[in-house]
1. Taking 0.36 nm per intervening residue step and subtracting the Cα-Cα distance, what contour gain separates Glu108 from Thr27 on full extension?
2. Check which residues have an amide H placed less than 5 Å from Leu17's amide H, if you skip close sequence neighbours.
3. Would you please state the base-10 log of I(q)/I(0) at q = 0.15, 0.21, 0.29, 0.30 1/Å for segment 218-274, with intensities from the Debye formula using one equal scatterer on every alpha carbon?
4. Which whole-number value in Å² is the accessible area per residue of segment 50-155, probe 1.4 Å?
5. Counting heavy atoms of the protein chains only and a 1.4 Å probe, report the per residue accessible area for segment 233-341 as a whole number of Å².
6. Quick one: with all protein chains in place, what share of the accessible area of segment 1-154 is carbon or sulfur, to the nearest percent (1.4 Å probe)?
7. Would you kindly state how much longer the chain becomes between Val20 and Asp89 on full extension, computed as 0.36 nm times their sequence separation minus their alpha carbon distance, in nm to one decimal?
8. At 0.36 nm per residue, minus the direct Cα-Cα distance, what do Leu320 and Asp9 gain on full extension? Give it in nm, one decimal, please.
Amino acid sequence: LGESSEGFDTAESLGMLDIVGARFAFTDPWIRTVAYHLVAPSSRRAAHRALAAWFAGPAQAAERAWHLAAGADGPSDAVAEALELVAADTARRGGLASAALTAERAAEFATSPARRQGHLLAALQWWMDAAATDGVRRIAGALDPLDCDAATARAEAIEFIGGGRGGVVWDDATPGADGSGTRGREKAGRWTIVRERRLAIEAAAESGDHRAVLRAAEQHRVREHGSAAELVALAASLRHAGRVRDARDVVIRASAILDGSAAFPEWVAALVGIDLDVLQGRGDDALAALEAMRGMLPVQLHERAAALGGRARLQRDPTLAPAFEAVAFTPLGEGVLLEIRESVRAGALDADPSALKRAVELAEKHSLPVEAGEARLWLGEQQSASERRDNVTLCRATLQRCGVRGWDSRLENCSAGDARAASVRRADPALDALSQAEFRVAAAVAGGLTNREVAATLLISVKTVDFHLQQMYRKLGIRSRTELAVRMTRQQESDDE
């Protein structure tokens, strides 16, 4: 600090300091402790900062970080990051408990909630690797339950503290808070293996690779011994594989493990259950469950919940047009699931049969029978009577084989539409070539509405109205909306007779 040596001379003469060359030390540790705490706090911090600058060597990172921490006078991400690096290095050398404590100290210096959460999550992981339940419990209580990653980690910590209700049974007599001793090391090692398996299963589930999830679940007997998060991933994969009844059993088991913990996986499990309600024809129950969780659901799941609400309303009312519940077709997920849902949305809302056929092909290629059946359902509602029959038959067989009965009423309406079309359109057989969507547009045009008014009335885009008109002109061999109106008027007059 550049102070003069006069004070050192006086301290040495009083027997408080030993000075040998460039080095000095207090003659008694108690004098050192008293001297440290008698110094003004600002001077003490200045001394620590000077020492931090002096410890500049690569091997002195730990000393530098701790002096930076002692010299800080407020939150500092630089200090927090220095401590985090020290924690990581300590963990690599096997000092898991020390690493966790250092990460906790780093969290105290974080300048934002997000950075604080990151340091706490690192500390939690090291405490679990050290098999130290006290540390796990302390960090789990400090995490933000509304943060997605933190909520998932908190659920993992609850399982750990609870003795592994997901099938991983620990020995509570394990000695050593830092995982020391044979039993402690075995416990930490087994937990690390379980965590790595869980992350692999969840990653496969998020990417839409349900077959990989099912293979891993069978290999590791997840259904009998898996954690709640693994069971939720398995339930979603069983649903995509067309095993809806099995998925229901698994999601019930996952919910029982979570047991009202209000952790993120519990909300995900609830939404998987609601999706199964819709598929099994319980749209009213699905809507009631969504209403019950209003205001409590994590923000990351709001979009998914809204989509499920739209699907439930379409299932409950088979006469409701897809355009009235556009939210039901929100493309969610990853990988091929996202690609299929984007095609279904384009096909169902923009009346694009080619997009729905593409969705069917993708779903069948990747063994996703529920998605294939639903794509055929929306395709059937757009097809003409001659095209629809075989498609509806195949759709019904596909969905019922999967245990999906929620769309039965809609399929019956679709089939009944063939009979209605045959009786209603007999005066002009050429009109039988029109799909239901095209027929609705034609009727609106015949009523004198403009394209924009037709779009507003039917809740579709103007571009979709134009597309339908071009298709109808081609099918009926006409060139204008006036000719279309004449054909529709003649049909109406025949019906009136």
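1. On the way: separation 81, 0.36 × 81 = 29.16 nm, distance 3.47 nm.
Result: 25.7 nm gained on full extension.
2. Correct list: Glu12, Thr27.
3. Normalising to I(0) and taking log10 leaves -0.35, -0.67, -1.21, -1.27.
4. Working: 4980 Å² over 106 residues.
It amounts to 47 Å² per residue over segment 50-155.
5. Numbers: 4410 Å² over 109 residues.
Ligands and nucleic acids excluded, the figure is 40 Å² per residue.
6. Values: 5260 of 9000 Å².
Carbon plus sulfur share of accessible area: 58 percent.
7. Details: separation 69, 0.36 × 69 = 24.84 nm, distance 3.43 nm.
Taking Val20 through Asp89 to full extension adds about 21.4 nm, to one decimal.
8. On the way: separation 311, 0.36 × 311 = 111.96 nm, distance 9.37 nm.
Result for the pair: 102.6 nm of gain on full extension.
The values are calculated or read from the model by the stated rules, or taken from the named source; none is laboratory data. Keep in mind that this is a model prediction, so the values were computed, not measured. Note: ideal-geometry Cβ built from the backbone for every residue, glycine included; neighbour counts use all protein chains shown. Note: areas computed on protein heavy atoms with side chains; ligands, DNA, RNA excluded. Shrake-Rupley method; radii C 1.70, N 1.55, O 1.52, S 1.80 Å.
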